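Please read the structure below before turning to the comments.
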Amino acid sequence: MGDQSMIPLPRPSRTNQRRLTRGMQLVLTGIIVYGVVYAEPKAITNGTISLLITFVPAILERNYRIPLDPWLGLWITLAVFLHTMGSAGLYGQIDWWDHLTHAMSASLVAGVGYTFARGVDLHSDRIHLPRQFFFVYVLVVVLAFGVLWELFEFGLDIAADATGITMPLAQFGLDDTVRDLMFNSVGALLVAAFGQAHLSGVAEQILEDRFDVELGER
């Protein structure tokens, strides 16, 4: 794929990651408080779910000894933060915000999918995944996840119509669904094209730190 000659993206230090994460968590807490004060269930739901997700990297590292690269931990936090900010009003005010969040979320799914597949490739002697396979694999994972997500939103719409309860997510017609899938593909393509250069060390580090595996070049 020619990605080995690419220079990996600079990674934030753990101190900077914590500072940025704490800042986003503070904003999310503010959204939850706003939802409670003004009786906005959507703000409460989205803010709470997103805030809990931002603690996942720290929980994985502390409880399961799975240290995540600071860049990947920040990536997870930023993806849910951007979505929650959109739900708080930016989706309606900024036309391209929805496209940004879908591309960002899709790139995160692609990054996690790539890291998982790379980990299997490194950890198993019986499974070897050619580097050319990862490009197609990342695209398929993200597109499949995108379809499942749209079906999930469709199911929430049906539940909202049946119960009269406002759901935290909703679809806005076929055009919106097609655009969502298109920008999902953009995020997937970015990771598929550049992921091997910028994520190749993440799976190796997780395996070495979690399982004390000595990895040879594969």
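The values are calculated or read from the model by the stated rules, or taken from the named source; none is laboratory data. Since we're looking at a predicted model, the values are computed, not measured. So basically every Cβ, Gly included, is an ideal-geometry build from the backbone, and we count neighbours across all protein chains shown.
Quick look at the numbers
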{"quantity": "Test: Thr84 is under 17 Å from Gly146 (Cβ atoms) and either outside any helix (DSSP H, G or I) or in contact with a helix residue (DSSP H, G or I) (Cβ under 9 Å, 6 or more places away or on another chain) (or both)", "calculated": "no"}
{"quantity": "Residue count, region 146-172 (criterion: part of a loop (DSSP other than H, G, I, E, B) and among the aliphatic types (A, V, I, L, M))", "calculated": "4"}
{"quantity": "Residue check for Ser105: under 26 Å from Glu40 (Cα atoms) and modelled with pLDDT under 85", "calculated": "no"}
{"quantity": "Single residue of Leu143, Leu181 found to be under 16 Å from the mean Cα position of the chain (by Cα), in a helix (DSSP H, G or I), under 19 Å from Trp96 (Cβ atoms) and at pLDDT 80 or above", "calculated": "Leu181"}
{"quantity": "Test for Gln171: is it of a type outside the set (Gly, Ala, Ser), modelled with pLDDT under 70, in contact with a helix residue (DSSP H, G or I) (Cβ under 9 Å, 6 or more places away or on another chain) and surrounded by 12 or more Cβ atoms within 10 Å (Cβ to Cβ)", "calculated": "no"}
{"quantity": "Residues (surrounded by fewer than 19 Cβ atoms within 10 Å (Cβ to Cβ) and under 20 Å from Ala79 (Cβ atoms)) located in region 32-43", "calculated": "Lys42"}
